[in-house]
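The values are calculated or read from the model by the stated rules, or taken from the named source; none is laboratory data. Note that the structure is a prediction, hence the values are computed from the model and not measured. Heads up, the Cβs are rebuilt from the backbone with ideal geometry, glycines too, and the neighbour counts pull from every protein chain shown.
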Amino acid sequence: MRVPVRSYLREIGEYKAGKLVKGAIKLSSNENPLGPGPEVIREIVESIEEGKLNLSLYPWERNEEELRDEISSYVGAGMGKENIVIGAGIDGVLDTLVKIFIANGDEALIPVPTFSLYESLVKIAGGIPEYVKRRNDFSIAAKDLLPMCREKTKMVFIASPNSPTGNCISEAEVREIIESMPKAMVVIDEAYVEFADSSLVNMVKEYENVLVLRTFSKAFGLAGLRIGYAIIPEWLASHYKKTSIPFAVNSVALTAAIAALMDKEHLRRSVELVKHEKPFLEENLQRFFKVYPSKANFVLLDVSPWRAYEVYDALMKCGIIVRDCSSFRGAGDSFIRISVGTREQNEKVVDALKSIC
Ligand SMILES: Cc1ncc(COP(=O)(O)O)c(C=O)c1O
């Protein structure tokens, strides 16, 4: 006989990652087309060969501390290592944070469309996601969110730049949200911050109810190693450590992340590529479709009157994988998201769309 599982499982679907097809150009998950930096590869290989990195041992606390130190210097904004916690990607950090704040029946505000993991984790914890539709230009207005905030509202999720829309929230709006909801933790997801011109990390110094998420998956090119971090107010650190599984981040990822922070040249090259190639994509794609302004390493297209899946399928036949955004709550069925690739990849996207259109 099958053992009954918790009822929330009826309400959530399995996470659908961007497809991987051998030989195809993958522009569906906003990864770094340059891959990890050469210094990262060298450091991993040498550390294993020299026995500094011993895969048969559990990750070393000293390495984690060193990484938190390096992250605090990288982040600046007066943040010390006591303000930094790490996890298996932003996904892993979010998993721990939701466990800290959401109990049965608690609510979380989620402006949509946005990253889908927020709502899944809230539901898994027994919480209730409350969705707030973004405006037509995908901006968030504090005055749309505030009436939805109740006694049971424990978290607010704001991705900036947001995925799949690519836009940022203004500092004034965030400030209003943070100040008007002192009993809710405002989570600012800055997965794509390296490609944007500004960060909201200064808010963590100013307020006790805000934290910022960052990752090594995008600009640093380490998506496969699963490592990310949060910049948090100090009072939260001990709760995080109690709730997170021990050794959430593996020792190869710790070594790689430290090396990635040292390899400033690779970071510069990766960001430069996006700053240079995004306008190329935007200029060429807007000949066919509406292109939304993006502060991230991807562009969002409205392909109406076509349906997203039609353009997705046609590109797939040309060997190019993009993201059909219909699975994002509140996105409708005419949006596709394309990660910025190398010039060669981007030219193939433009040529493919030209032939399709
Ligand atoms: C807004 C946003 N946050 C977080 C993530 C996940 O990041 P990580 O790879 O660090 O888990 C993604 C992944 O695409 C994302 O788009």
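Check off (1) within 21 Å of the chain's Cα centre (by Cα); (2) buried (at least 16 other Cβ atoms within 10 Å of the Cβ); (3) in contact (Cβ under 8 Å) with a residue 40 or more places away in the chain for Lys133 and give me the number that stays unchecked.
(2)
Looking at Ala237, Ala223, can you tell me which residue is assigned by TED's automatic domain parsing to the domain that holds Ile169 and touching a Ser or Thr at 6+ places or on another chain (Cβ under 9 Å)?
Sole residue among the options that is assigned by TED's automatic domain parsing to the domain that holds Ile169 and touching a Ser or Thr at 6+ places or on another chain (Cβ under 9 Å): Ala223.
Test of understanding: among Lys22, Lys16, which residue is within 16 Å of the ligand (Cβ to nearest atom), outside the structural domain of Val122 (by TED's automatic domain parsing) and not in a helix (DSSP H, G or I)?
One residue alone meets the criteria, Lys16.
Can you spot a residue in segment 78-90 that is away from the ligand (no atom under 16 Å from the Cβ), of a type in the set (A, V, I, L, M) and surrounded by fewer than 24 Cβ atoms within 10 Å (Cβ to Cβ)?
yes
Could you say whether any residue in segment 154-163 is more than 16 Å from the ligand (Cβ to nearest atom) and in contact (Cβ under 8 Å) with a residue 24 or more places away in the chain?
yes
Among Glu282, Glu190, which is closer than 18 Å to Ala296 by Cβ, of a type in the set (Asp, Glu), away from the ligand (no atom under 16 Å from the Cβ) and surrounded by 16 or more Cβ atoms within 10 Å (Cβ to Cβ)?
The match here is Glu282.
Quick one: how many residues across segment 105-115 are assigned to a strand (DSSP E or B) and within 13 Å of the ligand (Cβ to nearest atom)?
Count: 3.
Testing Ala77 on (1) out of contact with any strand residue (DSSP E or B) (no Cβ under 7 Å at 6 or more places or on another chain); (2) among the aliphatic types (A, V, I, L, M); (3) modelled with pLDDT of 95 or more, one condition comes back false. Which one is that?
For Ala77, the exception is condition (3).
Every residue, every condition in (1) on the phi < 0 side of the Ramachandran plot; (2) more than 11 Å from the ligand (Cβ to nearest atom); (3) touching a residue at least 40 places away in the same chain (Cβ under 8 Å); (4) among the hydrophobic types (A, V, I, L, M, F, W, C), yes or no:
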site	(1), (2), (3), (4)
Leu213	yes, no, yes, yes
Phe216	yes, no, yes, yes
Phe220	yes, no, yes, yes
Ile227	yes, no, yes, yes
Ile232	yes, yes, yes, yes
His239	yes, yes, yes, no
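Identify all residues within segment 1-30 that are among the hydroxyl-bearing types (Ser, Thr, Tyr) and without any contact (Cβ under 8 Å) to a residue 40 or more places away in the chain; write none if there are none.
Listed by number, the list holds a single entry, Ser7.
Hey, among Tyr118, Tyr74, Tyr58, which residue is within 30 Å of Ile320 (Cβ to Cβ) and either of a type in the set (Phe, Trp, Tyr) or away from the ligand (no atom under 16 Å from the Cβ) (or both)?
None of the others qualify; the one that does is Tyr118.
Take segment 193-206 and flag every residue that is outside any loop (DSSP other than H, G, I, E, B), away from the ligand (no atom under 14 Å from the Cβ) and in contact with a helix residue (DSSP H, G or I) (Cβ under 7 Å, 6 or more places away or on another chain).
Once the filter is applied, which keeps residues that are outside any loop (DSSP other than H, G, I, E, B), away from the ligand (no atom under 14 Å from the Cβ) and in contact with a helix residue (DSSP H, G or I) (Cβ under 7 Å, 6 or more places away or on another chain), segment 193-206 yields Met203, Val204.
Checking Val98 against (1) in a helix (DSSP H, G or I); (2) more than 14 Å from the ligand (Cβ to nearest atom); (3) in contact (Cβ under 8 Å) with a residue 12 or more places away in the chain; (4) not polar (S, T, N, Q): exactly one of these is not met. Which one?
(2)
Within segment 312-357, can you find the residues that are assigned to a loop (DSSP other than H, G, I, E, B), farther than 30 Å from Ile12 by Cβ and in contact (Cβ under 8 Å) with a residue 40 or more places away in the chain?
The answer is Gly319, Val340, Gly341, Thr342, Cys357.
Name, by its number, the condition in (1) on the phi < 0 side of the Ramachandran plot; (2) in contact with a Lys or Arg (Cβ under 8 Å, 6 or more places away or on another chain); (3) in a loop (DSSP other than H, G, I, E, B) that does not hold for Pro4.
(2)
For segment 207-300, which helices (runs of 4 or more DSSP H) that fit wholly inside it have 2 or more residues that are over 17 Å from the mean Cα position of the chain (by Cα) and more than 29 Å from Ile48 (Cβ to Cβ)?
237-243, 264-285
What residue, among those in segment 51-68 that are more than 22 Å from the chain's Cα centre (by Cα) and in a helix (DSSP H, G or I), is surrounded by the most Cβ atoms within 10 Å (Cβ to Cβ)?
Filtering segment 51-68 for residues that are more than 22 Å from the chain's Cα centre (by Cα) and in a helix (DSSP H, G or I), the one surrounded by the most Cβ atoms within 10 Å (Cβ to Cβ) comes out as Asn63.
Which members of segment 259-299 meet the condition of being within 26 Å of Ile227 (Cα to Cα), out of contact with any Leu (no Cβ under 8 Å at 6 or more places or on another chain) and of a type in the set (S, T, N, Q)?
Asn297
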